[in-house]
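Student: One structure is given below, represented as structure tokens, and several questions about it will come after.
The values are calculated or read from the model by the stated rules, or taken from the named source; none is laboratory data. In this text, all values refer to a predicted model and were calculated from it rather than measured experimentally. Glycine gets a Cβ as well: all are built from the backbone with ideal geometry, and neighbour counts include every protein chain shown.
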């Protein structure tokens, strides 16, 4: 029973974080991950990713891993 409760709490936490990210990805990254992306990229996801790559806030390997996981979750690029 405790394991089921733990799994439900973990799922609720994941869903909450995912919704927070969907609602405002830039605030989520700044608040939760300490990543600062200039406001000029608020509506430019490709520019934001390029900014993070150029400023060593994310590596190409990390980007590849994130894209792979997103595709596994059903996102299309």
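Student: Please work out if residue 43 is loosely packed, with under 10 Cβ neighbours inside 10 Å and modelled with pLDDT of 80 or more.
Tutor: On the way: loosely packed, with under 10 Cβ neighbours inside 10 Å: yes; modelled with pLDDT of 80 or more: yes.
When the stated conditions are applied, residue 43 passes them.
Student: Suppose the filter is within 19 Å of residue 75 (Cβ to Cβ) and in a helix (DSSP H, G or I); does residue 17 pass it? Full working, then the answer.
Tutor: Values: within 19 Å of residue 75 (Cβ to Cβ): yes; in a helix (DSSP H, G or I): yes.
It is true that residue 17 is within 19 Å of residue 75 (Cβ to Cβ) and in a helix (DSSP H, G or I).
Student: Still on this structure, I have one more. When residues of segment 31-40 are filtered for being over 15 Å from residue 21 (Cβ atoms) and either in contact with a helix residue (DSSP H, G or I) (Cβ under 7 Å, 6 or more places away or on another chain) or surrounded by 10 or more Cβ atoms within 10 Å (Cβ to Cβ) (or both), how many remain?
Tutor: The number of residues fulfilling the criteria is 3.
Student: Further question on the same structure: Output the number of residues of segment 53-77 satisfying the condition of being surrounded by 13 or more Cβ atoms within 10 Å (Cβ to Cβ) and more than 26 Å from residue 13 (Cα to Cα).
Tutor: Residues in segment 53-77 being surrounded by 13 or more Cβ atoms within 10 Å (Cβ to Cβ) and more than 26 Å from residue 13 (Cα to Cα): 1 in total.
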